[in-house]
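This report concerns only the one structure given below.
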Amino acid sequence: MTQHSRPARHRPLLVTWLSLGVLTLAVFTLGGWLAALTLPEFPYSVPKVYLLGRNALWAAWGGLTALLAFLGRRSALGLLRVGGLVGLGWYWADRLLLTRAEYTRDRWPLAALFTALAVASVAVILNRPYVREYFQENRS
């Protein structure tokens, strides 16, 4: 008895790279969470619990999003688009409102350039026809 099923689609290389990029961000954010655990008791511009919560949230988002994108789940698209934009907004709010270091304030044009490159890269990848097709398949 033969089973008639569609052949498995191969993951596009761009999806693999995107997943690895998001996973890399998650690992660095997890590193920030671990570093926040060992911060000395200095006066910070935000409470230590804020740093722990923020980094835990974004590490969890990044890990989950990377896994779902790698597996080709449709929900990865929403996590990449909405979560990515919320994350960027949060990053810039932190940078503009909470940063006291002159070095960070002076380097905002470079940060803006990297932000624009990241947004453009993700938008181009997610709008490629074969990437959209890969995520539209019913994957269970």
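How many residues, within segment 98-109, are surrounded by 10 or more Cβ atoms within 10 Å (Cβ to Cβ) and modelled with pLDDT of 85 or more? Residues that pass the stated criteria total 2.
Residues checked against (1) touching a residue at least 40 places away in the same chain (Cβ under 8 Å); (2) surrounded by 14 or more Cβ atoms within 10 Å (Cβ to Cβ); (3) acidic (Asp, Glu); (4) farther than 30 Å from Arg132 by Cα:
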position	(1), (2), (3), (4)
Thr24	no, no, no, no
Pro47	no, no, no, yes
Leu57	no, yes, no, no
Leu80	yes, yes, no, no
Leu85	no, no, no, no
Gly89	no, no, no, no
Trp92	no, yes, no, no
Ala111	no, no, no, no
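Condition first: of a type in the set (S, T, N, Q) and surrounded by 13 or more Cβ atoms within 10 Å (Cβ to Cβ). Now tell me which residues in segment 113-129 satisfy that. Correct list: Thr115, Ser121. Evaluate segment 84-101: report whether one residue or more is within 16 Å of Gly21 (Cα to Cα) and of a type in the set (Ser, Thr, Tyr). No: segment 84-101 contains no residue that is within 16 Å of Gly21 (Cα to Cα) and of a type in the set (Ser, Thr, Tyr).
The test for being at pLDDT 85 or above, within 28 Å of Arg11 (Cβ to Cβ), part of a loop (DSSP other than H, G, I, E, B) and of a type outside the set (S, T, N, Q) does not hold for Arg81. Could you look through segment 98-116, keep only residues that are part of a loop (DSSP other than H, G, I, E, B) and basic (Lys, Arg), and pick out the one that is nearest to the chain's Cα centre (by Cα)? The qualifying residue nearest to the chain's Cα centre (by Cα) is Arg107. Residues in segment 130-140 that are over 16 Å from Trp17 (Cα atoms) and surrounded by 11 or more Cβ atoms within 10 Å (Cβ to Cβ) were compared, and the one that is modelled with the highest pLDDT is Glu133.
The values are calculated or read from the model by the stated rules, or taken from the named source; none is laboratory data. Given the structure is predicted, the values throughout are model-derived calculations rather than measurements. Neighbour counts run over all protein chains shown; Cβ positions are idealised from the backbone, glycine included.
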